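Participant: There's a structure below that I have some questions on.
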Amino acid sequence: MVVSVTLAAITARVHTLLPVILTVCACYMLGYIGLLLTPAVVPWLWALLLGTGGGAFPIALIMIGLRSRTGQGSSALSGFVQGVGYFAAAGGPFLVGVLRESTGSWNPPLALLLASTVALLLFGIGISRVRYVEDEVAGK
């Protein structure tokens, strides 16, 4: 909760979002790497890093409003982003469970989650550029 509120305040005030996006992605990556390499050493730190990385979700929701000029644009972007995002995320817990049960280890699911942060980073870099959905639709 604290991370979400803090990142929401920061996101709304900064000129460029790239440092915020890089920070949450780095937290995710370090947390997953820590769990892969030394899960029993400072587990509270891995949990703290992963919890901070989870701030990517409120940032994504805030970005809907920041990347649209009108209510109509915000509504259209929200419908697309949340529809695609929730659809893609729906299989995640199932896939993690299948990987864990089929391999008997947490390493493959953690490696998958680490790889997913690379995708998050690439998408984050893409949305950090200032542009608006209405301009994209108009072909500007």
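Participant: Provide a single number: the residues in the range 105-140 that are under 16 Å from Thr70 (Cβ atoms), among the aromatic types (Phe, Trp, Tyr) and in a helix (DSSP H, G or I).
Facilitator: 0
Participant: Can you list residue pairs whose Cβ atoms sit under 9 Å apart, with the first residue in the range 72-94 being more than 18 Å from Phe123 (Cα to Cα) and the second being part of a helix (DSSP H, G or I) and open to solvent by 70 Å² or more (accessible area, probe 1.4 Å)? Count only pairs 6 or more apart in sequence or on different chains.
Facilitator: Short answer, once both residue conditions are applied: Gly73/Val137; Ala76/Val137.
Participant: Against the condition open to solvent by 30 Å² or more (accessible area, probe 1.4 Å), out of contact with any strand residue (DSSP E or B) (no Cβ under 8 Å at 6 or more places or on another chain) and in a helix (DSSP H, G or I), how does Leu7 come out, does it pass?
Facilitator: So Leu7 fails the test.
Participant: Related question: How many of the residues making up the range 34-59 are in a helix (DSSP H, G or I), open to solvent by 30 Å² or more (accessible area, probe 1.4 Å) and in contact (Cβ under 8 Å) with a residue 60 or more places away in the chain?
Facilitator: Final tally of qualifying residues: 2.
Participant: Also, quick follow-up: Out of (1) closer than 21 Å to Tyr132 by Cβ; (2) touching a helix residue (DSSP H, G or I) at 6+ places or on another chain (Cβ under 8 Å), the odd one out for Phe80 is which?
Facilitator: Exception for Phe80: condition (2).
The values are calculated or read from the model by the stated rules, or taken from the named source; none is laboratory data. Small disclaimer: the values here were computed from a predicted structure and weren't measured. Glycine gets a Cβ as well: all are built from the backbone with ideal geometry, and neighbour counts include every protein chain shown. Side chains included, ligands, DNA and RNA excluded: accessible areas come from the protein's heavy atoms. Shrake-Rupley method; radii C 1.70, N 1.55, O 1.52, S 1.80 Å.
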